[in-house]
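Colleague: The structure that follows is given in the form of structure tokens.
The values are calculated or read from the model by the stated rules, or taken from the named source; none is laboratory data. Keep in mind that what you see is a predicted model, and the values were worked out from it rather than measured. No Cβ is skipped: glycine too gets one built from the backbone with ideal geometry, and neighbour counts run over all protein chains shown. Accessible surface areas use protein heavy atoms only, side chains included; no ligands, DNA or RNA. Shrake-Rupley method; radii C 1.70, N 1.55, O 1.52, S 1.80 Å.
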Amino acid sequence: MTAATPNDADSASASPSSGSTTSPPKAARVRRSQPLGNLGRWGRRVAPAIARPFALLEVLGLTLLALLIAWRLRPDDPLLLTTQFPWLWLVVLVAALRYGSLAGAASGATLMAAWHVLYGHAGGAFPMAHFAGGMTMALIAGHFCDIWSHRAHRSQGINAYYSDRLVAITHNHYLLRVSHERLERDLLARPVTLRDALTRLRDLTVRRSADVYGAPGGLPNAQPMLEFAALTCQIEVASLFSVRGGRLSATPIARVGEGFEPDAQDPLVRHCLSEGTLAHVKADDTAADSSPYLACAPLMDADGALSSVLIVRRMPFLVLNHDNLQLLLVLLAYYADGVAHQPLVAGVRASVPQAPYDFALELGRLARLKRASGIESSLVALAFPRGARGDSLFEQTVRQRRALDALWTIGTPRKQIAIALMPITDEHGIDGYLMRVETLLRQQYDVDFQSGHIAVHTAHIDADAPGDGLLKLMERCVDHA
């Protein structure tokens, strides 16, 4: 996991320490529901986020409606050519600002066709200056709309990538804090450490990844996952039920202890289904008297929607506390993230099986970002010769990587290779990075890439086959070695 900026760290630390049991994926779901901010109903109608399929028909209809109104008001001059201000061209301007230059040109062409229909029989001269000025205004406004629409789409892609990184940082920051607390309190009493638990959950999503869509509820290895979560959080009786269309399935996907049928009318179950957050008897005094369950934990899918609910029926009283329930919630979120990210990791590891999980996941994310928004990211590989001097240069370069970059180091009998994955970085960013590294080596060791026999290889991320692109870059490094 790469280091976060100070602002990211503050945001991450604020979430787990707030005392609320709201799942971190809940924030991601709210973010996805309003990608362009809190716009009102009329704001979305006047300035739509995306072009509608019938935008051209809407523009032509609006222009013809304005012509009809003007004709009813002034039958002798329906285009309002004799007025002091060309009012009909406001309709063209709105169409250009709303949908772009093509829509503005179509609306302006409609006015020109209307002149030939309404005024052509009179034999007057075509008002070239009037229509040329109006079309120029429409094209300028439409070009402005096209440019800013492209910039907004690019910014949305970058912000979505940063938001995914922030959610991952939040989860890992909370897991780090909990791991230190539990290490101090009950390391000897636990059969496994939290690091072992996370490794185990990751392995459950990696193994048999081809059966993800055929597994019950779309969750591969749900039974081993639940058994391990129950062991870590000391759960005695619990079942995992899938949710379809807001309804709870009667058949469990996985269970520990004796089985039971869920009560969809239970207050804890209703709260978990409606809010998508953790519900437990300590937070609801009324449910403590009427509910046979102790806790209900949600499990979100990749889109932030509720896919399954874990209902805990029995667990020791001393472990029914906020920290243990929050740990259960984060373990479920970590497992769900692994399932959601498995296609990205599998696409890279199909070509490069030895690629680390975090590196493969980041490469898959950036390839998806390039397919969606066309934003370039890059790979930079530096091959250092073995030896005392080469090892020192290699270690110094590895320590100076950027906070947002993901780094993978590979050792061969003759070379040490550092592959840096640089998000949202084009050729100019690569040149700046290599210049900084070479300047650092020159200041520290009085060598540059040529005198230090350091081979430099670069490549852009392949949007369609990121694993193949990484494999070709590795082959170039090995061949050079």
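Colleague: Per residue, how large is the accessible surface of the stretch 385-481? Use a 1.4 angstrom probe and give square angstrom.
Modeller: That works out to 53 Å² for each residue.
Colleague: Could you work out the equivalent-ellipsoid semi-axes for the stretch 286-440, taking the square root of 5 times each eigenvalue of the Cα gyration tensor, largest first, in whole Å?
Modeller: Details: eigenvalues 386, 75, 40 Å².
One finds semi-axes of 44, 19, 14 Å for the stretch 286-440.
Colleague: Leaving ligands, DNA and RNA out of it, report the carbon-plus-sulfur percent of the accessible area of the stretch 288-356 at a 1.4 Å probe. Each step should come with its number before you reach the end.
Modeller: Working: 1390 of 2420 Å².
That fraction is 58 percent.
Colleague: Suppose R0 equals 56 Å. What FRET efficiency, 1/(1 + (r/R0)^6) with r the Cβ-Cβ distance, do Phe449 and Glu181 give to the nearest 0.05? Can you show the working numbers first?
Modeller: Details: r = 46 Å, r/R0 = 0.82.
Efficiency at R0 = 56 Å is approximately 0.75.
Colleague: Report the full-extension gain for the segment Leu118 to Ala250: residue separation times 0.36 nm, less the Cα-Cα distance, to one decimal in nm.
Modeller: Values: separation 132, 0.36 × 132 = 47.52 nm, distance 6.95 nm.
Extra length available between Leu118 and Ala250 comes to 40.6 nm.
Colleague: What order, most packed first, do the peptides 371-383, 443-455, 249-261 have when packing is the mean number of other Cβ atoms within 10 Å of each residue?
Modeller: Working: 371-383: 19.7, 443-455: 13.8, 249-261: 16.1.
Peptide ranking by packing, descending: 371-383, 249-261, 443-455.
Colleague: In nanometres, what is the gap between the two model label sites at Gln400 and Leu68, each 7 Å from Cα along Cα-to-Cβ?
Modeller: Each label point is offset 7 Å from its Cα along the Cβ direction, giving 7.1 nm.
Colleague: Right, something else. Grab the beta carbon distance between Ser163 and Asp426, set R0 = 22 Å, and tell me the FRET efficiency rounded to 0.05.
Modeller: On the way: r = 22 Å, r/R0 = 0.99.
Once the sixth-power term is evaluated, E becomes 0.50.
Colleague: Multiply the residue separation of Asp468 and Ser149 by 0.36 nm, subtract the distance between their alpha-carbon atoms, and state the gained length in nm to one decimal. Mind dumping the intermediate values first?
Modeller: Details: separation 319, 0.36 × 319 = 114.84 nm, distance 3.26 nm.
Working it through step by step, the gained length comes to 111.6 nm.
Colleague: A further question follows. Which length gain, in nm to one decimal place, applies between Phe260 and His322 when the Cα-Cα distance is subtracted from 0.36 nm times their residue separation? Mind dumping the intermediate values first?
Modeller: Numbers: separation 62, 0.36 × 62 = 22.32 nm, distance 2.50 nm.
Between Phe260 and His322, full extension yields 19.8 nm more.
Colleague: Can you tell me the FRET efficiency between Arg414 and Trp87 if r is taken as the Cβ-Cβ distance and R0 is 60 Å, rounded to the nearest 0.05?
Modeller: Working: r = 77 Å, r/R0 = 1.29.
Plugging the Cβ-Cβ distance into 1/(1 + (r/R0)^6) gives 0.20.
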